[in-house]
Amino acid sequence: MIDDIKSDTAARMGKSVESLVHELAKVRTGRAHPSLLDHIRVDYYGSEVPISQVANINVEDARTLTVVPWEKNMVAAVEKAIMVSDLGLNPMSAGTVIRVPMPALTEERRRDLIRVVRHEAEGAKVAIRNIRRDANHDLKDLMKEKLISEDDERRGEEIIQNLTDRHVKQVDEVLGEKEKDLMEI
């Protein structure tokens, strides 16, 4: 029973860290990265689809992405979708290839983005702590029902705390990487 709680808790905490990584990938740094365009949706014959389903996205150099639509007639739609996105990018098409230059970030904008990133990381830590609280509550319920002893409950709480510490450390590492990324010029 304790192993079930432990594995469920570890899985949920891992998902919280993965979610943070996914959210931080959307925060634009000065460097080009294909995942920056992941959330952009393109009008493809009347339905909205992710850009990755209609085009190939590659990094040309540190500050330029190249987007190559699979169909020639989709170039304008893909270019428009990138332009109207919330990223503030200005794509330029050259035949069937769309080049997306990444403008350099100002110091003020970098500071704002760091604030946003820290807020996201804090949200992930709160989620991890809530998962810990739920797991400890489950352990207490098992003890009240006399399915486990007090010693088992204590051991379970220590295991859950170690999991929590490990996942909070992962969040801090992800945050540190993203902050370093944002402050690079």
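The values are calculated or read from the model by the stated rules, or taken from the named source; none is laboratory data. Remember, it's a predicted structure, so these values are computed and weren't measured experimentally. Positions of Cβ are backbone-derived with ideal geometry, glycine not excepted, and every protein chain shown enters the neighbour counts.
Scanning segment 78-135 for residues that are among the acidic types (Asp, Glu) and at pLDDT below 85 yields a total of 4.
Scan segment 170-185 and tell me whether some residue there is more than 19 Å from the chain's Cα centre (by Cα) and of a type in the set (A, V, I, L, M). Looking for residues that are more than 19 Å from the chain's Cα centre (by Cα) and of a type in the set (A, V, I, L, M), one finds at least one in segment 170-185, hence yes. For segment 137-185, a residue qualifies if it is outside any helix (DSSP H, G or I), touching a residue at least 60 places away in the same chain (Cβ under 8 Å) and among the charged types (D, E, K, R), and exactly one does: Glu184.
Let me confirm something: among Val117, Val126, which residue is surrounded by 15 or more Cβ atoms within 10 Å (Cβ to Cβ), assigned to a helix (DSSP H, G or I) and β-branched (Val, Ile, Thr)? Only one candidate passes the filter, namely Val117.
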